[in-house]
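Here is the structure we will look at, set down as structure tokens.
The values are calculated or read from the model by the stated rules, or taken from the named source; none is laboratory data. Note that this is a predicted model, so its numbers are computed, not measured. Here Cβ is always computed from backbone atoms with ideal geometry, including for glycine, and neighbour counts include all displayed protein chains.
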Amino acid sequence: MSVGRVRLAMAAAALAALAACGKPAPANHPVTVLVAQPLAQKVVDWDDFVGHFEAVEQVDVRPRVSGYLQKVVFRDGAYVRKGQTLFVIDPRPYQAAFDQAKAQTARAAANLANAEVELKRAEGLIAARAISQQELAARQAAAATARADVAAAEAVQQTAALNLGFTRVSAPISGRVSDRRFAPGNLVNADQTVLTSIVTMDPIRFVFTGSEQIFLKYSRADRSGLRPSSRKAANPVEIRLQDEPTYRWKGRMEFVDNALDLGSGTIRGRAIVKNSKDFLTPGMFGHMRLIGSGAYDALLLPEQAIVSDQTRQLVYVVGADHKVAQREVTTGPLIDGLRVIRSGISPKDEVIIEGASRTKTGAVVSPKPGKIVPPAPGATPAGDEAVSAPPSSSATPAAARR
């Protein structure tokens, strides 16, 4: 190839490159995102507590007298009535003691009768001056002594009758009995040996502890009227067991202790729960939620619409010019996948509910209308969501309250 042709080819390539540089670059297509306005709904805050069930009444059955166990007259784990005989201690020594006391009472009564006859005779003779005043006084003292002996003998007989009755160990309360701790033939000691135990089942108590922050929150809310007051009505509670997804057990607050524990900084509370089918058992653990506020207006967003930026919680909104802007929000509890937004957005904001991770502040997007599905009535808040106190750890739609 000649030098002229080479120069011509190079010039053509340079012109082509200059022409290419002059063409505008292809524009980037906007990212498509789903947007929706926050869901406005009335909600009620709940606070979560972990606790366990306890019997309202629990009694260790102990014998009132010592002796050898003769019979066991109940079935382990059965339900017993107050006054029902559970154990029989060999009554023969106590029967003999009662018979002896009874005889002593009869003897004392005979002596009293004789002393009263002698006193009556002496009172007749004193009028005729047949006996001295000193002898009359002796007859009166003898009658008084005989009356005291009768009273003492009757008391001994009553004690012997009680001991004889105590050989039949009966149930002090109605409830479910545990198993027998001793078989017939064993020696049991009065007021020491635990023969079995009885617990009541319906109603049953749920015992829990709350932090000082929670206690202060409830106290201030009650005083300011921001929460249903316990003075007007019992505060309702809802409980779920370890294997249950919903809070199906209903009860009410019964007691809050009068002082905080200095070691743990917590205060003890107690709720009462109906247990008509005796399913709940003392010692069983559960999760309880307690109303932490009255009904209030809240904005809800799907959990995936919220982006964490170190210590901040952010959402992205789309303006009229389709540009993305970020808003820092304060979040609340989670309800059926929707997070309560306490502040940071307005009801009219178009929030990106899907695709927020594919865009950034200032970017132009292609918004498509989305839909936020309201939580079902009675929706159960997520139990694993951790929200530091004093903000509540869960909430429900206000319409779900009964």
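Remark: Thr266 matches the filter, which requires a residue to be surrounded by fewer than 20 Cβ atoms within 10 Å (Cβ to Cβ) and at pLDDT 90 or above.
The combined condition, being surrounded by fewer than 12 Cβ atoms within 10 Å (Cβ to Cβ), more than 25 Å from Asp336 (Cβ to Cβ) and modelled with pLDDT under 90, is not fulfilled by Ser230. The set of residues from the stretch 100-134 being free of Cβ contacts under 8 Å to residues at least 40 places away in the same chain and not hydrophobic (A, V, I, L, M, F, W, C) comprises Asn111, Asn114, Glu116, Glu118, Lys120, Arg121, Glu123, Gly124, Arg129, Ser132, Gln133, Gln134. Of the residues making up the stretch 36-51, just one is surrounded by 21 or more Cβ atoms within 10 Å (Cβ to Cβ) and under 23 Å from Arg358 (Cα atoms), namely Pro38.
Here's the yes/no breakdown for (1) surrounded by 16 or more Cβ atoms within 10 Å (Cβ to Cβ); (2) of a type in the set (S, T, N, Q); (3) in a loop (DSSP other than H, G, I, E, B):
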| position | (1), (2), (3) |
| --- | --- |
| Arg223 | no, no, no |
| Glu244 | no, no, yes |
| Gly251 | yes, no, no |
| Ser276 | no, yes, yes |
| Ala298 | yes, no, no |
| Ala325 | no, no, no |
| Gly332 | yes, no, no |
| Val340 | yes, no, no |
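Of the residues examined, Ala298 is one that is over 24 Å from Arg176 (Cα atoms) and in contact (Cβ under 8 Å) with a residue 60 or more places away in the chain.
Does any residue of the stretch 300-314 turn out to be in contact with a helix residue (DSSP H, G or I) (Cβ under 6 Å, 6 or more places away or on another chain), basic (Lys, Arg) and in the same structural domain as Thr396 (by TED's automatic domain parsing)? No: zero hits. Checking the stated criteria, Arg81 turns out not to satisfy the condition of being buried (at least 16 other Cβ atoms within 10 Å of the Cβ) and among the basic types (Lys, Arg). Anything in the stretch 85-94 that is outside any strand (DSSP E or B) and buried (at least 18 other Cβ atoms within 10 Å of the Cβ)? List them, or say none. Within the stretch 85-94, Pro91, Tyr94 qualify.
Only one of the numbered conditions (1) surrounded by fewer than 18 Cβ atoms within 10 Å (Cβ to Cβ); (2) basic (Lys, Arg); (3) closer than 15 Å to Thr209 by Cα is violated by Arg312, and that is (3).
Every residue, every condition in (1) in contact (Cβ under 8 Å) with a residue 60 or more places away in the chain; (2) part of a strand (DSSP E or B), yes or no:
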residue	(1), (2)
Asp45	yes, yes
Asp48	yes, yes
Val59	yes, yes
Arg64	yes, no
Arg75	no, no
Gly83	yes, no
Ala96	no, no
